[in-house]
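The block underneath contains the structure these notes are about, expressed in structure tokens.
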Amino acid sequence: MKQQYLRFLLPLLLSVIFSTASAQHQSVPRDGGGYRETPEKINDLIDTRLDVKFDYQKSYLYGKEWVTLKPHFYATDSLRLDAKGMDIHQIAIVKDGKLQPLQYNYSDSLYLDIKLDRKYKGGEQFVVFIDYTSKPNLLHDKPGHKLDGKGLYFVNPKGTEVDKPIQIWTQGEAVSSSCWFPTIDNPGQKTTQQLSMTVPAKYTTLSNGLLISQKSNTDGTRTDTWKQKLPHSPYLFMMAIGDFKVYKDKWRNKEVNYYLEPKYFPYAKAVFGQTPEMMEFFSKALGVDFPWEKYSQVVVRDYPLGAMENSSATLLGDYVQKSPWELVDDPNGTGGTTIAHELFHQWFGGLATCESWSNETLNESFAVFGEKYWNEKNMARTMATPNVMTSYWPT
Ligand SMILES: [Zn+2]
């Protein structure tokens, strides 16, 4: 009964959301008050290519971006991008592989108002190049605009805390991705993505999509490039960089990976091992297979929220890292519930996305429903087989 209901509901929801997803550009923080109606849509994101490296001493990101856009309908010669508190070094239009500088105004350090080289027709693509520095620790609220986060977080970047790992991670929801790359930071926008990260060679990286190349550099760094072909909203972009040990699991023919601090690696299966079964359960229940190219989960330090459903790369706080003995008291508790919640968001939030943050209740209501739906199934199974969790413990 529930499965039939959901099979009917998902196509309906997708058609409603995508047919009305006409949000253009609105960088209103979530707590800005009032209903945020769908704003006028001037330009659409198509593709975002980023090349980033990091200064751990300063907690800076040095970025180069090639963003492909098109006017949504009417011809326009202007482009507004969200970009919070950055240093902008160059903005240019890309013509036959060459850069042609563009004029822009960035006086408020919130929006890049760019004058294009000419008027572009509705649907006509153009590529803008931006060379910039993101300085998340120097961000501060502006009059009439309260930040809801820094977007990019450096954990123990100078290594001064001996018992704490050195990590970098991002948190985009709601409008914080524009703290680390210029974009139209609105859930009504969707873009494909390619992200190259140059990091100290000893670290592991994670981003959306698939790892398509790794290149060692002569200065002790390595450049990892991740690519996601299915478009998603800017708030779902992610990076995580650190000393993670990766447990490789699988669902059907897709990679399912768990990134943990090395000392928790032996318990990866105990914490995350139900994930492939959840993916199968939700895929069948919804009548839509898990849509992304892989599914990874990474546990990071100092994450202030519970977890975040970045497309194909969920990020979780370190409270889910548990030993088998702690899991005895919480076999299907916090971790399992959160894992189901974030996984269900891969459909509701990631694949079908609310048109503005005033509709975020859609994202969250479906994810909470997913938790309960999984728990109901899992509870019935656990009661039928009381020692089921022991099969996930390391031996
Ligand atoms: Zn949620």
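The values are calculated or read from the model by the stated rules, or taken from the named source; none is laboratory data. Everything numeric here is computed off the predicted structure, so don't read it as measured data. No Cβ is skipped: glycine too gets one built from the backbone with ideal geometry, and neighbour counts run over all protein chains shown. The area values use the complete protein model at the heavy-atom level, side chains included, leaving out ligands, DNA and RNA. Shrake-Rupley method; radii C 1.70, N 1.55, O 1.52, S 1.80 Å.
Taking the range 340-367 as the region of interest, how many residues are aliphatic (A, V, I, L, M), more than 9 Å from the ligand (Cβ to nearest atom) and either in a helix (DSSP H, G or I) or outside the structural domain of N310 (by TED's automatic domain parsing) (or both)?
Counting residues in the range 340-367 that are aliphatic (A, V, I, L, M), more than 9 Å from the ligand (Cβ to nearest atom) and either in a helix (DSSP H, G or I) or outside the structural domain of N310 (by TED's automatic domain parsing) (or both) gives 3.
Criterion applied to P276, P231 was being part of a helix (DSSP H, G or I) and open to solvent by 10 Å² or more (accessible area, probe 1.4 Å), and the one residue passing it is P276. The residues of the range 190-216 that are among the small types (G, A, S) and open to solvent by 10 Å² or more (accessible area, probe 1.4 Å), listed by number, are S196, A201, S213, S216. Residues that are open to solvent by less than 20 Å² (accessible area, probe 1.4 Å) and more than 17 Å from the chain's Cα centre (by Cα) were ranked within the range 243-261; the one that is nearest to Y56 (Cα to Cα) is F244. All of N332, N310 fail the test of being crowded, with 17+ Cβ neighbours inside 10 Å, modelled with pLDDT under 95 and in a loop (DSSP other than H, G, I, E, B), apart from N332.
Based on what the data block shows, is V298 open to solvent by 10 Å² or more (accessible area, probe 1.4 Å) and of a type outside the set (D, E, K, R)?
The answer is no for V298.
Answer yes or no: is there a residue in the range 293-304 that is out of contact with any strand residue (DSSP E or B) (no Cβ under 8 Å at 6 or more places or on another chain) and either among the aromatic types (F, W, Y) or within 13 Å of the ligand (Cβ to nearest atom) (or both). Scanning the range 293-304 turns up no residue that is out of contact with any strand residue (DSSP E or B) (no Cβ under 8 Å at 6 or more places or on another chain) and either among the aromatic types (F, W, Y) or within 13 Å of the ligand (Cβ to nearest atom) (or both).
Among the numbered conditions (1) outside any strand (DSSP E or B); (2) in contact (Cβ under 8 Å) with a residue 12 or more places away in the chain, the only one that L195 does not meet is (1). In the range 262-289, of all residues being in contact with a Leu (Cβ under 8 Å, 6 or more places away or on another chain) and modelled with pLDDT of 95 or more, the one that is farthest from the ligand (Cβ to nearest atom) corresponds to G287.
Pairs meeting the criteria (first residue in the range 72-92 and among the β-branched types (V, I, T), second residue loosely packed, with under 15 Cβ neighbours inside 10 Å and at pLDDT 95 or above, beta carbons under 7 Å, at least 6 apart or on different chains) are T76/K119. Does any residue of the range 83-102 turn out to be touching a Leu at 6+ places or on another chain (Cβ under 8 Å), closer than 28 Å to G220 by Cα and in the same structural domain as M238 (by TED's automatic domain parsing)? Yes, the range 83-102 has at least one match.
Of the residues V320, V328, only one is among the β-branched types (V, I, T) and away from the ligand (no atom under 15 Å from the Cβ); which? Matching residue, one of V320, V328: V328. When restricted to residues that are touching a residue at least 60 places away in the same chain (Cβ under 8 Å) and within 12 Å of Q346 (Cβ to Cβ), the range 264-321 contains 17.
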